[in-house]
Each structure stands twice: as structure tokens, then as C-alpha cells.
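What follows is a short report on a single structure.
The values are calculated or read from the model by the stated rules, or taken from the named source; none is laboratory data. Nothing here was measured: the structure is a model prediction, and the numbers come from that model. Glycine also receives a Cβ, built like all others from the backbone with ideal geometry; neighbour counts cover every protein chain displayed. In case anyone asks, the SASA skips ligands and DNA or RNA and just uses the protein heavy atoms, side chains included. Shrake-Rupley method; radii C 1.70, N 1.55, O 1.52, S 1.80 Å.
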Amino acid sequence: MILIRHLLLVAVLFGASTAAAQGSSLARSDRAATVSSVPAEVLVVLAKEEPGKVDPQLKKLTALRRPPFNSFRSMAILSRPKLTLTPGKDALVSLPNGRRVKLTLLRIMPDGRYKVKAAINRPNKSDYLPLLQVVASAGDPFFVAGQTYQGGTLVVGVIVDPKKTAQ
Amino acid sequence: MESAKTQDEKLQMLFDGELAPDEEAALRRSLEGSPEGSAQLREWEQLRAAMKNASADWAGQIDSDALFARIEADLSAPVIPIDRPAPQPELREVPGSRERRVWGAAAIGFAAAAAIFLAVIAAPEGAAPGGSPGVTRGSEVLEVDFGANTGTIFEVEGGAGESLAVIWIDDEEVGLP
């Protein structure tokens with residue numbers, strides 16, 4: 001009977017220790033991921049309702065052909081800056097309208113997605129977009145649109161870790 | 001005249017001594033003139049004498065006291081109920097059963113450990129960033145503050161069917177910082 005108890009205890013401890021080790025390894029990888037930097041790309045697109053050309057580089061983004069973007073008949077890439085997002089550090093991207101997009105990588109989620117904070121501020125004025133928190137998987141963009149510019153609408157797309165995109 | 005059956009019955013009663021004295025005397029006087037009746041009586045008397053002799057010989061050969069003592073002993077013996085259950089067989093330990101219990105418990109313990117291990121292994125991978133099998137695709141808004149503006153959040157489908165977040169701000173200023 002004592003032997004039975006010992007064997008059971010050893011077996012359960014083995015399983016628990018293995019699970020703990022696995023869990024700690026996940027925690028370690030999570031912490032490691034939060035301190036690593038990831039590349040990002042920002043697409044600044046001027047979209048207009050008048051018929052025109054659509055930049056060929058945008059043809060891969062099928063989302064820009066669907067609502068609410070499907071009313072735009074022409075799209076031109078104004079800029080496409082590449083940057084590195086480091087957790088806790090702000091990355092600034094200038095917009096043609098004088099505003100700036102501030103991007104901050106908050107953390108890498110356990111499922112591998114990126115939690116990003118974005119804001120659009122105006123010099124000497126209150127923030128245009130004070131706060132936006134998004135979680136995005138690698139290579140999948142999120143868009144901030146609506147700013148009027150030169151008869152069109154600015155569409156700002158942010159892609160974290162774009163090399164892993166499946167598009 | 002009496003029937004033969006009646007005469008035979010009276011003769012039997014005479015032999016058994018069951019007739020009244022006057023009837024017995026009358027019947028005996030009648031038997032003096034009946035050779036058949038007298039012969040019947042003599043035959044019965046011979047049979048009775050033979051049976052007495054035989055029973056006397058048999059009785060002399062047995063021990064009546066021992067016989068009665070045995071009968072009394074049998075009568076005073078405890079009564080055994082007919083439906084008394086059969087006694088339980090004596091239990092005995094099967095060789096090796098203890099060993100089987102030990103190994104069975106150990107197997108259960110290791111199975112539990114293996115189940116815990118596999119449950120953790122089967123959990124979604126945490127380290128691999130996007131693109132790994134099973135990782136949720138797309139983008140979604142967790143929190144937004146439009147400030148002084150108004151806005152709308154859309155979901156647009158990407159090329160792979162993933163849901164992409166669109167934050168649309170209602171711009172009140174026209175091209176001015």
C-alpha cells in the first residue's frame with residue numbers, strides 16, 4: 001500500500017513538473033517576445049472617389065476593394081515608411097497633412113499576435129485620435145481612414161511584421 | 001336362515017371374543033352340528049398360535065431396551081432445518097493479486113501524468129508569432145477613443161478571409177493640421 005502511494009505520488013509529480021516546465025517555457029517565450037523588436041510598415045494612401053488609377057502595389061490588399069473602401073475609384077500610395085517597433089517605445093510616422101501617427105508595440109500576445117497602440121496627434125493641438133489599441137497578426141493590416149486631404153481621403157494602413165504576410 | 005356372510009361374521013366375532021355370553025353360548029351349541037364352522041375356528045386358532053410363536057421368537061432376538069433408547073435419542077436430537085445455507089467457502093488470496101493492484105495503480109498514475117503532459121503540449125503555442133498554424137488571423141480593435149471627433153469601426157474581409165479592422169474618423173477639418 002505504501003508502495004502504491006509512492007508510485008502515484010511520483011507519477012503525479014512527474015506530470016505536474018512537466019506541465020510547469022512547459023508553462024514556464026511559454027512564459028519565458030512570452031517575456032522574450034515582448035522585448036524583441038519587430039518590423040512594421042505604414043501605408044499612407046490617398047483615396048479618391050473620382051475614377052483613376054489604383055497603385056499596383058495595392059492590388060494585393062483586397063480589403064481596399066471592399067466596403068467601406070469600395071467607393072474609392074483611385075488610390076495612390078503617398079508614402080510607405082518602414083520602421084521597427086520596440087515594446088514600450090513610440091515610433092512616429094509623419095502624414096502629409098502635418099499630423100503624425102504614433103505607433104507603440106505594447107506586447108506580443110501568447111497566440112503570436114501583436115498588441116499595438118496607435119494615436120494621431122496634431123502639433124500644438126489636442127490629439128486627433130487620442131487612443132487606439134489594436135491586436136493584429138503578422139502581415140495583417142489595420143486601417144485608420146477618414147482624414148480629408150487634397151480632395152480625397154487618407155487611408156493609413158499599418159502592417160506589423162509584414163514579411164510573414166500570407167497575402 | 002342366516003346368510004353365509006352373517007354366519008362368517010359371527011364366527012369371527014366369536015373368535016375375537018366380541019360376542020355377548022348368551023350369543024357365544026348359542027353359537028357354540030350351533031357349531032357342534034357344523035363341522036365347517038368348527039374347522040374354521042380350529043384353523044384360525046392354529047394361525048394365531050403360529051403368529052404368537054413367531055413374534056415370541058423374533059422378540060426374543062432383539063434388545064428392546066436398546067431399541068427404545070435409540071428411538072428416544074433420535075427423537076430428542078436437534079432438528080436440522082432443510083433450507084440451511086451451505087457454509088461459505090473459505091476465502092483464499094489469489095497469488096499475484098497484490099502485484100496487480102500495485103501495477104494498476106502505477107499505470108493509472110502515469111496515465112494521469114501523461115494526460116497532464118499532453119494537455120499542456122496540445123495547448124496553443126505561445127512563442128511562434130503569426131503565420132503558424134492555428135494562430136488567429138486578422139486585426140481587431142481592443143480600445144478606441146475618438147476624442148473630440150466621431151468615428152466608426154468597420155470590419156473588412158482580407159484576401160484570406162481574415163477580418164481586418166478599419167477605424168474611420170469623421171474628419172471635421174479639411175486638410176488642416
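Per-residue 3J(HN,Hα) values for the range A:149-156, derived from phi via the Karplus relation 6.51 cos²θ - 1.76 cosθ + 1.60 with θ = phi - 60°, read 7, 6, x, x, 10, 6, 10, 9 Hz in sequence order (x marks Gly and Pro). Remark: mean inter-chain Cβ contacts per residue of A:109-117 equal 5, using a 10 Å Cβ-Cβ cutoff to other protein chain atoms. Distant-in-sequence amide contacts of A:Met109, defined by a placed amide H-H separation under 5 Å and a gap of 5 or more residues or a different chain, comprise A:Tyr114, A:Lys115. Considering every alpha-carbon pair of the range B:4-75, the percent of pairs per 5 Å bin, from zero through the bin containing the longest distance, is 3, 14, 17, 16, 10, 8, 8, 8, 8, 6, 2, 0.
Just the protein heavy atoms count here, and of the accessible area of the range B:4-75 at 1.4 Å, carbon and sulfur take up 53 percent. The range A:38-164: D in µm²/s via Stokes-Einstein (Kirkwood Rh, Cα pairs, 4 °C, 1.567 mPa s)? Answer, rounded: 86 µm²/s. Straight-distance candidates among the aspartates and glutamates for linking to A:Lys59, with alpha-carbon spacing under 18 Å and chain neighbours fewer than 8 residues away dropped: A:Glu41, A:Glu49, A:Glu50, A:Asp140, B:Glu157, B:Glu162. Taking amide H atoms as placed 1.01 Å from N in the peptide plane, the amide H of B:Arg137 has no partner under 5 Å among residues 5 or more positions away or on other chains.
Accessible surface area normalised per residue over the range A:38-164 is 41 Å², counting heavy atoms of protein chains with a 1.4 Å rolling probe.
Between B:Ala56 and B:Ala73, the simple label model (points 7 Å from Cα in the Cβ direction) yields a spacing of 3.2 nm.
Toward the positive end of the charge dipole of the range B:4-75, with +1 on the Cβ of Lys and Arg and -1 on the Cβ of Asp and Glu, the farthest Cα among B:Phe68, B:Ala20, B:Gly37 is that of B:Gly37.
Only lysines eight or more places from A:Lys60 in sequence, or on another chain, were considered; those with a Cα closer than 26 Å are A:Lys48, A:Lys82, A:Lys102, A:Lys115, A:Lys117, A:Lys163, A:Lys164. In sequence order, the range B:159-169 has phi-based couplings of x, 9, x, 6, 8, 10, 7, 10, 9, 9, 9 Hz under the Karplus curve 6.51 cos²θ - 1.76 cosθ + 1.60, θ = phi - 60°, and Gly or Pro positions carry x. Between B:Asp63 and B:Leu118, the FRET efficiency from the beta-carbon distance, with R0 = 56 Å, is close to 0.05. Using a probe of 1.4 angstrom and keeping all protein chains present, the accessible surface of the range B:4-75 works out to 81 square angstrom per residue. Each residue of the range A:131-137 was assigned a 3J(HN,Hα) from its phi angle through the Karplus expression (A = 6.51, B = -1.76, C = 1.60, θ = phi - 60°), giving 8, 8, 10, 10, 10, 9, 7 Hz with x at Gly and Pro.
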